[in-house]
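The structure appears right after this line, and notes come after that.
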Amino acid sequence: MVTRIKSQKILTPAGAISGYLYFDEKGIIAVGNDELSFDKEIDCGDKYVSAGFIDLHIHGGAGSDFSSCDTQGVADAINYHLSHGTTTIMPTITSSSYETMVT
């Protein structure tokens with residue numbers, strides 16, 4: 001199934017463009033103004049469409065700290081960041097005490 005995202009602000013390496021982003025379950029098929037066949041369309045209007053954000057240094061989120069080793073807290077933190085566009089994280093605990101890091 002091919003999905004087409006329509007937006008006036010698709011962020012590309014060359015800057016923001018108005019057009020379409022096509023993707024399927026394997027990944028992005030095309031970005032630009034070409035009219036390709038699709039099964040479903042998401043119209044984002046003038047909202048930005050961009051690649052997911054990558055956070056290389058994150059201690060937690062949504063009130064949870066990765067050093068707690070609490071499975072639900074870790075999941076809550078990950079889902080919080082995902083809901084704001086961060087698709088990849090590098091969890092860190094180095095601000096914790098030595099005792100917390102080794103337990």
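The values are calculated or read from the model by the stated rules, or taken from the named source; none is laboratory data. Note that the structure is a prediction, hence the values are computed from the model and not measured. Cβ sites come from the backbone with ideal geometry, for glycine too, and all protein chains shown count toward neighbours. The protein model used for the area step is the full one, side chains on, heavy atoms only, and it has no ligands, DNA or RNA in it. Shrake-Rupley method; radii C 1.70, N 1.55, O 1.52, S 1.80 Å.
List the strands (runs of 3 or more DSSP E) that sit entirely inside the chain and contain at least 1 residues that are among the hydroxyl-bearing types (S, T, Y) and touching a Leu at 6+ places or on another chain (Cβ under 8 Å).
Once the strands (runs of 3 or more DSSP E) in the chain are filtered for at least 1 residues that are among the hydroxyl-bearing types (S, T, Y) and touching a Leu at 6+ places or on another chain (Cβ under 8 Å), what remains is 3-12, 15-24.
Scan I5, I17 and give me the residue that is open to solvent by 40 Å² or more (accessible area, probe 1.4 Å) and aliphatic (A, V, I, L, M).
On the way: I5 fails: open to solvent by 40 Å² or more (accessible area, probe 1.4 Å).
Matching residue, one of I5, I17: I17.
Return the pair list, or none, for Cβ contacts closer than 6 Å from residues in region 64-78 that are under 14 Å from S95 (Cβ atoms) to residues that are modelled with pLDDT under 90 and among the hydroxyl-bearing types (S, T, Y), at least 6 apart or on different chains.
Pairs that qualify, where the first residue is under 14 Å from S95 (Cβ atoms) and the partner is modelled with pLDDT under 90 and among the hydroxyl-bearing types (S, T, Y), are S67/S96; S67/T100.
If you go through region 36-55 one residue at a time, do you hit one that is free of Cβ contacts under 8 Å to residues at least 12 places away in the same chain, out of contact with any Lys or Arg (no Cβ under 8 Å at 6 or more places or on another chain) and not hydrophobic (A, V, I, L, M, F, W, C)?
So far as region 36-55 goes, no, none of its residues is free of Cβ contacts under 8 Å to residues at least 12 places away in the same chain, out of contact with any Lys or Arg (no Cβ under 8 Å at 6 or more places or on another chain) and not hydrophobic (A, V, I, L, M, F, W, C).
Considering each of G52, G60 in turn, give the residue that is surrounded by 13 or more Cβ atoms within 10 Å (Cβ to Cβ) and either of a type in the set (D, E) or at pLDDT below 95 (or both).
Step by step, each of G52, G60 is checked, and only G60 is surrounded by 13 or more Cβ atoms within 10 Å (Cβ to Cβ) and either of a type in the set (D, E) or at pLDDT below 95 (or both).
Looking only at residues that are among the hydroxyl-bearing types (S, T, Y) and closer than 30 Å to A14 by Cβ in region 73-103, which one is surrounded by the most Cβ atoms within 10 Å (Cβ to Cβ)?
Taking region 73-103 and keeping what is among the hydroxyl-bearing types (S, T, Y), we get 80, 83, 86-88, 92, 94-98, 100, 103.
Right, trim to closer than 30 Å to A14 by Cβ and you get 83, 86-88.
On the way: S83: 10, T86: 16, T87: 11, T88: 11.
Only one residue tops the list, namely T86.
One residue is enough: does region 22-29 have a residue meeting the conditions of a type outside the set (G, A, S), in contact with a helix residue (DSSP H, G or I) (Cβ under 9 Å, 6 or more places away or on another chain) and open to solvent by less than 30 Å² (accessible area, probe 1.4 Å)?
First, pick out the residues of region 22-29 that are of a type outside the set (G, A, S): 22-26, 28-29.
Of the ones still in play, those that are also in contact with a helix residue (DSSP H, G or I) (Cβ under 9 Å, 6 or more places away or on another chain) are none.
No, region 22-29 contains no residue that is of a type outside the set (G, A, S), in contact with a helix residue (DSSP H, G or I) (Cβ under 9 Å, 6 or more places away or on another chain) and open to solvent by less than 30 Å² (accessible area, probe 1.4 Å).
Hey, does region 55-72 have a residue that's under 21 Å from T12 (Cα atoms) and touching a strand residue (DSSP E or B) at 6+ places or on another chain (Cβ under 6 Å)?
yes
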